[in-house]
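Working notes for the structure below.
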Amino acid sequence: MNPKLRGIFTPNLVPLDGRGQINEAELRRYVDWLIERGVHGLYPNGSTGEFIRFTVEERRRIVKIVCDQTAGRVPVLAGAAEANVRETLAACEAYQEMGARAVAIVSPFYFRLGSESVYAYFREIAQHSPIDVTLYNIPSFASPIDVPTIRRLAEFERVVGIKDSSGDVTFMCRMISAVRPLRPDFIFLTGWEAALVPMLVVGADGGTHATSGIVPELTRQIFDLTTTGSLDEAVKLQLRLIELFDAMILSADFPEGFRAAVDLRGFNFGKGRQPLSESQQVDRAALQRVLQCIMSDFGVVDAPEEGCPSRANRPQADKVLQVTQAVLRELRERGIA
């Protein structure tokens, strides 16, 4: 039996050269950098990696490069989302041969399907995949996978876990409650770093977080603090992470904010494949200055030479803070935390 996937998996960005082609040397350097800074695993061909903007051949090449450069140091969870079952199974076969530990497969997208169709789709994959499968629930972009369907799919040995990007802590609780008594080995990963601490507190095994591709040191520290019971410290870092996360995800079309940020860590990721207007290019330069100021607070980059403006009342109390506090309060009342 393969060891359980656990910890922070980075859905890595893909660097491009001046011709808009995959910059293999920079991608290999990025893989080494992430591993050296403590990520538990890598997740190529995820949403952050803009998998839909690459051809099938390019997606294969990205996974091959990542698996080759990783060389078994950390597990690779390869995104295998394709438009139909046949192509998805072909990706599963290819990634198994390349050395990936498992694949993550999003539920059918574009056409909004009901629960029975979602179940039938994953059942077909589970019965024929040569590699372990993690379900990928991202209801904002694909057919949702509800709890009863997850429980049914957990009956297949090949289905080993789920990545949930809904950001809904209650949904995570319901999944764990429904599935873990039947499959103690089933993996629960959150895809929403703004709720990483509360997700871990209620029982998630880890997460796939775009921010870990920018500040891997911070996301690893949050995971370690939370899983060792240092919850007060973990919450403080979680709230600081939210400021960076919000700046990257709300200030530009995803994942441009993350591409702007990774260059501040000493990389040259080039222009993304989504064309930018003139005003967007100006906005990107301004965003990088803001991100540099936020990241300098973490000690991972230097502040801009012109200095940083005062940022009062950060991080703001928001829904995530309220959820985190509610979870911790409930656990303390039960004598667990």
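Where a number appears in this text, it was derived from the coordinates with a stated rule and is not lab data. Computed from a predicted structure; not experimentally measured. Cβ atoms come from the backbone with ideal geometry, glycine included; neighbour counts cover every protein chain shown.
Quick notes
- Each residue, Ala90 and Arg53, gets one label point 7 Å from its Cα in the Cβ direction; the gap between the two is 2.4 nm.
- Legend note: in the chain, cysteines whose Cβ sits 4.7 Å or more from every other cysteine Cβ are Cys67, Cys92, Cys173.
- Over region 7-333, relative contact order from alpha-carbon pairs under 8 Å, at least 6 apart, %: 16 percent
- Using only side-chain charges placed at the Cβ, +1 for Lys and Arg and -1 for Asp and Glu, the dipole size of region 120-164 relative to its Cα centre rounds to 40 debye.
- Rounded Å value of the spacing that divides the Cα centres of region 70-118 and region 171-201: 20 Å
- Taking the Cα atoms of region 110-186, the ratio Rg/Rh between the radius of gyration and the Kirkwood radius comes to 0.93.
- With the cut-off at under 17 Å, measuring from each backbone N in region 144-181 to a point 7 Å along the Cα-to-Cβ line of Phe109 picks out 144-145, 163-167.
- Where N is the number of residues in region 259-302, Cα Rg divided by 2.2 N^0.38 Å: 1.21
- Cα gyration tensor shape of region 122-240, rounded if a/c is under 1.5, else prolate or oblate by comparing a/b with b/c: prolate
- When the chain is treated as a Gaussian network with alpha carbon springs shorter than 10 Å, the biggest mean-square fluctuation among Leu287, Leu250, Leu189 belongs to Leu250.
- Neighbour count of at most 14 Cβ within 10 Å plus DSSP loop: longest GluC sites (Glu not before Pro)-free window in the chain: 1-154
- Prolate/oblate/rounded label for region 202-249 (Cα gyration tensor, a/c 1.5): prolate
- For region 49-196, the fraction of alpha-carbon pairs lying more than 27 Å apart is 18 percent, rounded to a whole number.
- For the residues Gln238, Gln288, Gln21, a GNM of the chain with alpha-carbon springs under 10 Å puts the largest fluctuation on Gln21.
- Three-way shape label, region 3-109, alpha-carbon gyration tensor, a/c 1.5: oblate
- Positive-end residue of Ile131, Phe111, Ser212, charge dipole of region 93-232 with Cβ unit charges: Phe111
- Computed log₁₀ I(q)/I(0) - Debye formula, equal Cα scatterers, no solvent, region 192-279, q 0.14, 0.17, 0.22, 0.25 Å⁻¹: -0.53, -0.72, -1.03, -1.23
- Each residue, Thr170 and Gln21, gets one label point 7 Å from its Cα in the Cβ direction; the gap between the two is 5.2 nm.
- Taking every DSSP helix (H) stretch of at least 4 residues in the chain, weighting each as -39,500 (n - 2.57) and dividing the sum by the residue count yields a mean residue ellipticity at 222 nm of -14500 deg cm²/dmol.
- For the chain, lysine pairs with C-alpha atoms less than 27 angstrom apart, excluding pairs fewer than eight positions apart on the same chain, total 7.
- Charge dipole of region 7-333 (Cα centre as origin; +1 on each Lys and Arg Cβ, -1 on each Asp and Glu Cβ, all else neutral): 340 debye, rounded to the nearest 20.
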